[in-house]
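Participant: Provided herewith is a single structure, encoded as structure tokens, for subsequent inquiry.
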Amino acid sequence: MKTLIERKDAVNTWMERFGVKFGIYKHGVFHEQLFPFDSVPRVISHDEWTILEKGLIQRCNALNAFLLDIYNEKKIVKDGIIPEEFIYSSKGYFAECEGIKPSKGIFAHIAGIDLVQAKDGTWYILEDNLRIPSGASYPMIARNITRKVSPQTFANNHVAENRNYSDLLKETMDYVNDGRGINVILTPGRYNSAFFEHSYLAEKSGAILAFPGDLIVEDDMLFYKDISGNKERVGAVYRRVSDEYMDPLTFEESSVLGVPNIMQIYAKGNVAIVNGIGNGVADDKGIYYFVPKMIKYYLNEEPILKNAPTYLPYFEEDKKYVLENLSKLVIKDVSEAGGYGVVFGRDLDAEHLKEMYDLVDKEPRRWIAQEVIDFKDLEIIEDGKYVERKADLRAFVLTGKETKVWKSGLTRFSRNPNSFVVNSSQGGGFKDTWVMEE
Amino acid sequence: MNTYQYTYQTCISFDNKVSKHFFKLRCLPYRCKFQTIIEEDFSVSPCKNIMRSTDSFGNELIFGSTEEPHKSFTFASRGIVNISQHLTIEEPNHIFRLPTTLTEVNEDMIKFSDKVTSFDNKNIIQGTLSLVDALHEKMKYESYSTTTKTSAIEAFSQGKGVCQDFSHVMLAILRNKKIACRYITGFIPGEGESHAWIEVNDNGIWYAIDPTRKLLIESDYLKISQGRDFNDCSMERGVFVGNGFQYKQVHITMTEL
């Protein structure tokens, strides 16, 4: 452990050489930056992990059941568990997906579930990411490098393997591919913030990295065309292009990132799309409130993991509470991602507080409010000293034949001592996450 | 019941050759109880990769792509259909009660509709027809006065539009009253371009109303597609590689046999 920490700079140098980067748009200009790594791992004990694992599997099973239901029978709406306008006015809901039953009935194959741990040790779910959650490659590669730099650390500690994420990914893709053809990872291209990850995962999982234009729909099937014009049938596409850009003939017409008419053959069940189209309706920050209800409704089980205490101004009673307690709550815009649209009431002056008050009052459906959780801080090393910073954990849950949780995760921390926002796009760093065996 | 023969043809010509042309067409009759298809044919040229399916609204789709460089692209369909009164017994899907970007209302539209009817008498169809009549005092029909991207609010504010706009304005007003209604594209007897109208749900029954011609539709309209608004029903969508302008010519005929 000590060697690992002493050799922190060596690790970061290696990362730079491997090209572990993420891209960011600032004022419309593309920059690539290193994702700063901190060598002190987050350690999760075997017992603690067992509970987390169960809770995450339960949550993702319910979310998958919800997606299949909402685009088909809609029982949860008919039974009055979730108000209909909550679903149908969500930006992530696509009428174009009505009636679609994806391969093996799975919509959310790769879920990135963000959690935080409070000072008392309780884990809370912060948000579900069921569209294109990124970040799994960073701990994989960090582990690879740290094992090289400090092999002794891993001989002395029984840390669960995490370099097998690509095997889990392959297993999931193979299951929904169902022998139809090859697996591909569709990247929007070089200037996407997670391009490094797309190419890394393709290499490690044995999938072909496809760029826009490489995929074509013919004879009701999807084909990958290589540089010499040879065509090979594709059975599963792990796409890292957002829903709106996936099919210019169904969604955003100007998109050059997608595959024209892929929606038609997806609806016919001739290709698996990982993750499914239209998943945004389930990871909407407003729908989040209803996930514990989904667990009871679909699985008839009590939720194992807790949501952060959340209020929906959509309900009169909650709205009253939110407006009265605005200054102590976190307010989130339901349609924003990546740490954008998150406002802490206590940071607002009187004028901005009034502005926020009016916004919530006028457009209650657009916001959720949460109690501020007293995070358990994690130690990081800064200028040779240990300091404490806010951190979260993105757990990756993969659903194929079974639902499995990757025994690691992306621990992100805020480098700014006063900030609670840990997103990489907001300048945070990351740690490896050690899940202990026994 | 009436029997009709229809022909439909769209020809797109380009200034310069285009390649990699991808398309999606909705130009075959809608499959439902009041329409029985007796004959049906279609063609797309130049193109070898042609596929069929239905979309999430139940509309028939023809889709595909061509990599053959071309300066003109033609698709056509023809057929014979038996049509009876446009009535469908079906509980409405929630999404037909919610506005889309093309079918939002503003204060003026709400004021206008409140003056005409409150829908208090529970007769939704009667109320809709009175609104349609009143709407013609606010908006006049004028060819080429709007585009496919014109919203209900824009059309209502400028006081003119075509069948698409009359339909969007009605949908916007009805949805504001939480009445389920949908946009319909189809053909009417005669010669020319496609037509647009609406269907309104009253107690589990969909009635067809033509806001442009101010009437309750019986059995002389041919329904092609349905959706929330124009975007769900567009007869042709395409993307291609190439530059230059494109010109589109549409020709439709429908005659009673």
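The values are calculated or read from the model by the stated rules, or taken from the named source; none is laboratory data. In this text the structure is predicted, and so the values were computed from the model without any measurement. Because the Cβ atoms are built from the backbone with ideal geometry, glycine has one as well, and the counts that use them run over all protein chains shown.
Participant: Which strands (runs of 3 or more DSSP E) sit wholly inside the range A:253-345 and have at least 1 residues that are within 21 Å of the chain's Cα centre (by Cα), over 17 Å from A:TRP367 (Cα atoms) and within 14 Å of chain B (Cβ to nearest Cβ)?
Facilitator: On the way: elements: A:272-274, A:329-333, A:342-344.
Answer list for the range A:253-345: none.
Participant: Please verify whether A:THR172 is closer than 30 Å to A:GLU437 by Cα, among the polar types (S, T, N, Q) and either within 14 Å of chain B (Cβ to nearest Cβ) or in contact with a His (Cβ under 7 Å, 6 or more places away or on another chain) (or both), treating the condition exactly as stated.
Facilitator: When the stated conditions are applied, A:THR172 passes them.
Participant: How many residues are in contact with a strand residue (DSSP E or B) (Cβ under 6 Å, 6 or more places away or on another chain) and in a strand (DSSP E or B) if we restrict to the range A:216-243?
Facilitator: The number of residues fulfilling the criteria is 15.
Participant: Going by the structure shown, is A:ILE76 in a helix (DSSP H, G or I), β-branched (Val, Ile, Thr), within 14 Å of chain B (Cβ to nearest Cβ) and under 23 Å from A:LEU305 (Cβ atoms)?
Facilitator: Numbers: in a helix (DSSP H, G or I): yes; β-branched (Val, Ile, Thr): yes; within 14 Å of chain B (Cβ to nearest Cβ): yes; under 23 Å from A:LEU305 (Cβ atoms): yes.
Against the criterion (in a helix (DSSP H, G or I), β-branched (Val, Ile, Thr), within 14 Å of chain B (Cβ to nearest Cβ) and under 23 Å from A:LEU305 (Cβ atoms)), A:ILE76 qualifies.
Participant: Under 6 Å between Cβ atoms, which residue pairs at least 6 apart in sequence (or on different chains) link something in the range B:20-42 that is within 14 Å of chain A (Cβ to nearest Cβ) with a partner that is of a type in the set (D, E, K, R)?
Facilitator: From residues that are within 14 Å of chain A (Cβ to nearest Cβ), the pairs are B:LYS20/B:GLU67; B:LYS24/B:ARG237; B:LEU25/B:GLU236.
Participant: What strands (runs of 3 or more DSSP E) completely inside the range B:203-257 contain at least 1 residues that are farther than 28 Å from B:VAL18 by Cβ and at pLDDT 95 or above? Please lay out each step first, then the result.
Facilitator: Values: elements: B:205-210, B:222-227, B:236-241, B:246-256.
Those strands (runs of 3 or more DSSP E) span B:205-210, B:222-227, B:246-256.
Participant: Turning to a different aspect of this structure: Checking B:LYS248 against (1) within 16 Å of the chain's Cα centre (by Cα); (2) surrounded by fewer than 16 Cβ atoms within 10 Å (Cβ to Cβ); (3) more than 23 Å from B:THR36 (Cβ to Cβ), which single condition isn't satisfied?
Facilitator: Of (1) within 16 Å of the chain's Cα centre (by Cα); (2) surrounded by fewer than 16 Cβ atoms within 10 Å (Cβ to Cβ); (3) more than 23 Å from B:THR36 (Cβ to Cβ), only one is false for B:LYS248: (1).
Participant: Okay, moving on. Which residues, counting only those in the range B:93-118, are touching a residue at least 40 places away in the same chain (Cβ under 8 Å) and small (Gly, Ala, Ser)?
Facilitator: Correct list: B:SER113 only.
Participant: Then there's this: Quick check on the range A:123-157: of everything there that is touching a residue at least 60 places away in the same chain (Cβ under 8 Å) and among the charged types (D, E, K, R), which residue is surrounded by the fewest Cβ atoms within 10 Å (Cβ to Cβ)? Show your work before the answer.
Facilitator: So in the range A:123-157, the residues touching a residue at least 60 places away in the same chain (Cβ under 8 Å) come out as A:123-143, A:145-146, A:148-150, A:152-153, A:156-157.
Those still in the list that are among the charged types (D, E, K, R) too: A:127-128, A:131, A:143, A:148.
Details: A:GLU127: 20, A:ASP128: 24, A:ARG131: 22, A:ARG143: 21, A:LYS148: 11.
Selected residue: A:LYS148.
Participant: Yes or no: the range B:140-151 includes at least one residue that is crowded, with 18+ Cβ neighbours inside 10 Å, in contact with a helix residue (DSSP H, G or I) (Cβ under 9 Å, 6 or more places away or on another chain), assigned to a helix (DSSP H, G or I) and at negative phi. Break it down stepwise before answering.
Facilitator: Initially, the range B:140-151 is screened for residues crowded, with 18+ Cβ neighbours inside 10 Å, giving B:146, B:150-151.
From what's left, in contact with a helix residue (DSSP H, G or I) (Cβ under 9 Å, 6 or more places away or on another chain): B:146, B:150-151.
Filter once more, so that each one left must be assigned to a helix (DSSP H, G or I): none.
Among the residues of the range B:140-151, not one is crowded, with 18+ Cβ neighbours inside 10 Å, in contact with a helix residue (DSSP H, G or I) (Cβ under 9 Å, 6 or more places away or on another chain), assigned to a helix (DSSP H, G or I) and at negative phi, which makes the answer no.
Participant: Let me ask you something else. Return the residue satisfying two criteria in turn: it lies in the range A:94-114 and is outside any strand (DSSP E or B) and more than 14 Å from chain B (Cβ to nearest Cβ), and of such residues it is farthest from B:GLY227 (Cα to Cα). Please lay out each step first, then the result.
Facilitator: To start, the set of residues in the range A:94-114 that are outside any strand (DSSP E or B) comprises A:94-109.
After this cut, where a residue has to be more than 14 Å from chain B (Cβ to nearest Cβ) as well, the list is A:103-109.
On the way: A:SER103: 26, A:LYS104: 28, A:GLY105: 26, A:ILE106: 27, A:PHE107: 24, A:ALA108: 27, A:HIS109: 30 Å.
For the range A:94-114, the residue satisfying everything is A:HIS109.
Participant: From the set of residues in the range B:45-65 that are surrounded by 20 or more Cβ atoms within 10 Å (Cβ to Cβ) and of a type in the set (A, V, I, L, M), which is nearest to the other protein chains (Cβ to nearest Cβ)? First the steps, then the outcome.
Facilitator: Filtering the range B:45-65 down to residues surrounded by 20 or more Cβ atoms within 10 Å (Cβ to Cβ) leaves B:55-57, B:59-65.
Narrowing further to those that are of a type in the set (A, V, I, L, M): B:61-62.
On the way: B:LEU61: 6, B:ILE62: 10 Å.
Going through the qualifying residues, I end up with B:LEU61.
Participant: Could you identify the single residue in A:GLU232, A:GLU253, A:GLU244, A:GLU218 that is closer than 20 Å to B:SER65 by Cα, surrounded by fewer than 22 Cβ atoms within 10 Å (Cβ to Cβ) and touching a Phe, Trp or Tyr at 6+ places or on another chain (Cβ under 9 Å)?
Facilitator: Working: A:GLU253 fails: touching a Phe, Trp or Tyr at 6+ places or on another chain (Cβ under 9 Å); A:GLU244 fails: closer than 20 Å to B:SER65 by Cα; A:GLU218 fails: touching a Phe, Trp or Tyr at 6+ places or on another chain (Cβ under 9 Å).
Of A:GLU232, A:GLU253, A:GLU244, A:GLU218, the one residue that is closer than 20 Å to B:SER65 by Cα, surrounded by fewer than 22 Cβ atoms within 10 Å (Cβ to Cβ) and touching a Phe, Trp or Tyr at 6+ places or on another chain (Cβ under 9 Å) is A:GLU232.
Participant: Please determine whether any residue of the range B:183-206 is within 14 Å of another protein chain (Cβ to nearest Cβ), touching a residue at least 12 places away in the same chain (Cβ under 8 Å) and either in contact with a helix residue (DSSP H, G or I) (Cβ under 8 Å, 6 or more places away or on another chain) or of a type outside the set (Lys, Arg) (or both). Let's see the steps before the verdict.
Facilitator: Kept after step one, since they are within 14 Å of another protein chain (Cβ to nearest Cβ), are these residues of the range B:183-206: B:183.
This time we only want the ones that are touching a residue at least 12 places away in the same chain (Cβ under 8 Å), so: B:183.
Pick out the ones that are also either in contact with a helix residue (DSSP H, G or I) (Cβ under 8 Å, 6 or more places away or on another chain) or of a type outside the set (Lys, Arg) (or both) and you get B:183.
There is at least one residue in the range B:183-206 that is within 14 Å of another protein chain (Cβ to nearest Cβ), touching a residue at least 12 places away in the same chain (Cβ under 8 Å) and either in contact with a helix residue (DSSP H, G or I) (Cβ under 8 Å, 6 or more places away or on another chain) or of a type outside the set (Lys, Arg) (or both).
Participant: Can you name the condition, by its number, that A:THR172 falls short on among (1) modelled with pLDDT under 95; (2) farther than 30 Å from B:ARG182 by Cβ; (3) polar (S, T, N, Q)?
Facilitator: Checking A:THR172 against (1) modelled with pLDDT under 95; (2) farther than 30 Å from B:ARG182 by Cβ; (3) polar (S, T, N, Q), the one that fails is (1).
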